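The values are calculated or read from the model by the stated rules, or taken from the named source; none is laboratory data. What you are looking at is a predicted structure, and each value in this text was computed from that prediction instead of being measured. In this analysis, Cβ positions are derived from the backbone assuming ideal geometry, glycine residues included, and neighbour counts consider all displayed protein chains.
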Amino acid sequence: MHSLLTTDVGKRLLLLGNEAIVRGALEAGLAFATTYPGTPSSEIGDNFFRIAAESELYFEYSTNEKVALETAAGAAVSGVRAMCSMKHVGLNVASDPLMTLAYVGVRGGMVIITADDPSMFSSQNEQDNRIYARLSNLPMLEPTSAQEAKEMTKAAFEISEALEIPVLLRTTTRLSHYRGIVTTGPLKPAKTKGDFEKDSARFVPVPVHARLRHKVLLDQEEKAREMACQSSFNVITGAGPWGIATSGIAYNYVSDAIKDLCIEDKVQVLKLGFTYPFAEKLAVDFIRSVEKVLVVEELEPILQDTLKVAAQTNGLSTPVAGKGPGLFSRLYEYHPGMVREVIARFFGVDYSPPTPINVKEGTGPVKVPMRPPNLCAGCPHRNTYYIIKTLLKDMSVEAIFPTDIGCYTLGLLPPLEMADFLICMGSSVSSAAGIARTTGKKVIAFIGDSTFFHSGITGLINAVHNQHEFVLVIMDNGTTAMTGHQPHPGVQLVPPGWDKPTISIEAIVHACGVKRVTTIDPRQLMESKTKVMDVLKSDGLSVIVSRAPCPLYEMQITGRKKETSYRVGVKCEACKHCIENFGCPALCLSDEYNKRANMVINDDLCIGCGFCDQFCEAISPKKPRRKKVD
Amino acid sequence: MDSYRIFLTGVGGQGTLLATMVLAEAAICAGHNALASEVHGMAQRGGVVESTVMIGDIKSSTISDGEADVLLGFEPVETYRAMRKCSADSVVISNSVPVTPYTVAIGKATYPEVGRLFAFISDRVKKLITLNAQALAEQAGSAVSANVVMVGALARSGVLPIPREAFEETIRTKTKARFVEANLRAFDLGFSAL
């Protein structure tokens, strides 16, 4: 049984923030869950995926976040409890349904998880999704611990059902990926079947209906504000003349800093967990009771500005500070030492920070090598890049490479360096059109299989219709690899028990109207080169589907083991072709200190794909292979 | 009780996250509050993996520079790279076996002498403990158990208020059944190495 399905009550579990959200949803009687995977939210869906296999829960990996949100909304308007989880930029994709779902509302409770990524550990931006609560007028909760993540998820369903609008629950990477102790409560049996009661005046927002629904939304928002003022998630603690207002993960840093600085008898803390609508009455009471306020919130000065407005509205001139020189930044995540230091400075508390050991200065610092991320040994994406890179070199053609979001974005790094432009999921296809038409140059765009289903298809239809000329390479490794091998509509190797139909990428590409469609197996060098050469020589719009499974996923699903080891023989003349054009981590210099050294294959890293054997005469299998890789 | 901040660092594939979990669960098993933090995502195989464990009355799950009580390093260069997290009061426990970075493997960078790294560290922290966790793991019959060897060494160092039994109980109940025996042997060899 999945550990989060335990029926023990009062059991203490060490859970990831994401797992705590899953448990909270199960304790709230969740019936229906959707997601599109994205760090740091992915473990929510991955746990639901496993739980759905052994419970009444319906779960799906949807093709993108907009689809996920609309699908979950369909369940929620039909009266069951639904959850939709995504990373922060996923909510941009889902923002269109979000804004109007707020107008029409839901019947069963609906909770939307947005997992933000301050410091951009694995994202292209660090947008502050608290702003979406203000934009959509929907309630938002922000937990500070795993236990709170569970409790707030349960509460979010209650709030949503009471107000008949979706509720946003926002985490950040540090909450999603930290482990804390969670005490289990009783599981609630889910109501899995509902009915759709027709009410077109509510659910079909033609202008005449939408005007009425906007008013309903603002009325519900005011009720939510009352709930926020009464909520046990919003509290004032401590006593003293100094005020600190905080929410989210920053609350933990504040709480520890107050203890470390021994100022427990001097500070009151306004801790907000039900952060939107703003609990104005509570906040004004807080401002009145202190001499000055320091706001500790990561990213944008949202709470700070809201407190200033509340103070001004209520005729209070209490200083409210947060962001600014000598205080906090709008950039990146915070950390305990930084928060302690700013609190000490702002309130004039004596404090000397610890002295970190400096590895950059002092006597005898050592220069240490970097460890940049790299595509895994045997990754077929590297083969695809190598095939195209070497062909372009042979043809003396310079190309521009729009790319997309996935493992293959690592094609950015040397020696491949085949990534020139990227903004969001699906942007490779559409931006390629604009770049090609404007520059007149060869444009080769790269997109992964899951990303193609997510948001590449509409761009491709546009490219056909508007007669754009470029090459689109769909790198199909059969899984959503980077976020943890989640399935997508084009999966071929499937997890046990998987009974969903597979949708052919080639059929979609043909149906979009693309005339030149070529499929290659990037594990076969010569055959692929011949096919790709024909495509590169032609004009117009072409699609190459480069298909080979992610080896990690393949090993996991099929149990396939390495069949052959490879060796570098005496023919190696240290030409460095493999280092300068391919960059497989298993191909190393025999002596790292000697630049003229021959190559060797690190047998621990090599997965035996045999691709290098196809471009280098010096490389051969250690024992005769039964057959060529196919 | 006092609180303890432990910073763990290693290379993807070394099992730092399992060690993180074992340490946090062992602390809970010993009756303490514990938190752990890890970063997922772009950490591909071969990249740096950092995590933290906090024990005691503490809410923050991250460690600022100079604030680690203990640094558990699974690889010498990564131990050195993480020295910014330590101060003169820190205890450092490091595996002495390098994992060659790709930049070194292709001659774009060189791997420093491990002795120089350790001498630098030893001069600046309260205590440096080093061990060949790889050899001990192989002796335990499971080359991939070097992470648990390191946890054994940490247990023996006596820096943390967690008895040996709590670690062993955690290994028995929270690690994969087929690895339990090898992990217990690895823990014991790490424990006895000091």
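So A:Thr172 ticks every box in (1) farther than 27 Å from A:Glu300 by Cβ; (2) within 14 Å of chain B (Cβ to nearest Cβ); (3) among the β-branched types (Val, Ile, Thr) but one. Which box is left unticked?
(1)
Checking the conditions here, which among A:Ile461, A:Ile423, A:Ile474, A:Ile435 is surrounded by 17 or more Cβ atoms within 10 Å (Cβ to Cβ) and either out of contact with any strand residue (DSSP E or B) (no Cβ under 8 Å at 6 or more places or on another chain) or not in a helix (DSSP H, G or I) (or both)?
A:Ile474
Quickly run through the stretch A:288-331 and pick out the residues that are among the hydroxyl-bearing types (Ser, Thr, Tyr) and not in a helix (DSSP H, G or I).
Across the stretch A:288-331, the qualifying residues are A:Ser289, A:Ser317, A:Thr318, A:Ser329.
Can you report the number of residues in the stretch A:391-419 which are assigned to a helix (DSSP H, G or I) and surrounded by fewer than 17 Cβ atoms within 10 Å (Cβ to Cβ)?
Adding up the residues that qualify gives 4.
Consider A:Pro277 carefully, then state whether it is surrounded by 19 or more Cβ atoms within 10 Å (Cβ to Cβ) and farther than 30 Å from A:Pro354 by Cβ.
Answer is yes for this residue.
Could you tell me how many of the residues in the stretch A:3-46 are more than 14 Å from chain B (Cβ to nearest Cβ) and within 24 Å of the chain's Cα centre (by Cα)?
Number satisfying all stated conditions: 14.
Taking B:Ser37, is it part of a loop (DSSP other than H, G, I, E, B), within 7 Å of chain A (Cβ to nearest Cβ) and over 27 Å from A:Ala597 (Cβ atoms)?
no
Condition check: surrounded by fewer than 15 Cβ atoms within 10 Å (Cβ to Cβ) and modelled with pLDDT of 95 or more. Does A:Glu554 satisfy that?
No; evaluated as a whole, the condition is false for this residue.
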